[in-house]
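These notes are about the structure you will find just below.
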Amino acid sequence: LWSGQAVSVTGDYVFRTMLVLWTTTVLARGQSWAPLAVSGVLLASSVPTFLLGPAAGVFADRWEKRLIMMRMDVLRAVFVMLLILVTIPLPFLADGRLPIVWQLGALYSIVFLMSLCDQFFNPSNMALISHIVEGPDQPRASGLNQVTGNLALVVGPALGAVLFFSVGIQWAFVFDALSFVVSFVAIRAIHVPPVTMQDSLI
């Protein structure tokens, strides 16, 4: 769980950094409304927290945590890959690109949907720790989670900038999608005690 989340959380910060860079240097380059466009990304990621955060935590507590996390990883990987379609020339369009309004709309929609997934994934992650780690070791496990998040906060933005300017936005998105695949594989390898799984379905 720790190794999978170390990759996944780092990928989250890489993704957020790339979105800001992509918006400012490509989508809204030289435009007076560029700051507003970047604010839209932040707003799209924040709204689900207010709308669904409390309710999602309740459902995550009742459902099977491991299954929720795996499903959210699959969905987030798919959403990131769909966003690649906005970055490449499309043959069925006159100039090969969607109008800027549609590009921003697609970007905000994907960010919104990924944030929705986060609302189910994060509380499930915390609850799963309490199910697979013995009581005396839980503070240490939670501490490792916090350390992972703090390291990702430092490493992720720097890595996102390097990927964006070195390999381009498409491959950077592929990297982020792969981070969710790594998380999925790691979570799938976790063996949750049968009693815990039964209790989580109540």
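The values are calculated or read from the model by the stated rules, or taken from the named source; none is laboratory data. These figures come from a predicted structure and were not determined experimentally. Cβ sites come from the backbone with ideal geometry, for glycine too, and all protein chains shown count toward neighbours. Protein only, heavy atoms only, side chains kept; ligands, DNA and RNA dropped before computing areas. Shrake-Rupley method; radii C 1.70, N 1.55, O 1.52, S 1.80 Å.
Worth pointing out:
- Meets criteria (assigned to a helix (DSSP H, G or I), at pLDDT below 85, open to solvent by 20 Å² or more (accessible area, probe 1.4 Å) and among the small types (G, A, S)) for S109: no
- Residue check, M69 in contact with a helix residue (DSSP H, G or I) (Cβ under 6 Å, 6 or more places away or on another chain), open to solvent by 50 Å² or more (accessible area, probe 1.4 Å) and not small (G, A, S): no
The rows are residues; the columns are (1) touching a helix residue (DSSP H, G or I) at 6+ places or on another chain (Cβ under 7 Å); (2) surrounded by 19 or more Cβ atoms within 10 Å (Cβ to Cβ); (3) without any contact (Cβ under 8 Å) to a residue 40 or more places away in the chain.
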| position | (1), (2), (3) |
| --- | --- |
| G40 | yes, no, no |
| V58 | no, no, yes |
| D61 | yes, no, no |
| V74 | yes, no, no |
| P91 | no, no, yes |
| L98 | yes, no, yes |
| I132 | no, no, no |
| P139 | no, no, yes |
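- Flag set for S200, criterion: within 25 Å of L75 (Cβ to Cβ), out of contact with any Pro (no Cβ under 8 Å at 6 or more places or on another chain) and at pLDDT below 80.
- Picking from residues in region 130-173 that are charged (D, E, K, R) and either part of a helix (DSSP H, G or I) or touching a Pro at 6+ places or on another chain (Cβ under 7 Å) (or both), the one that is nearest to R16 (Cα to Cα) is R140.
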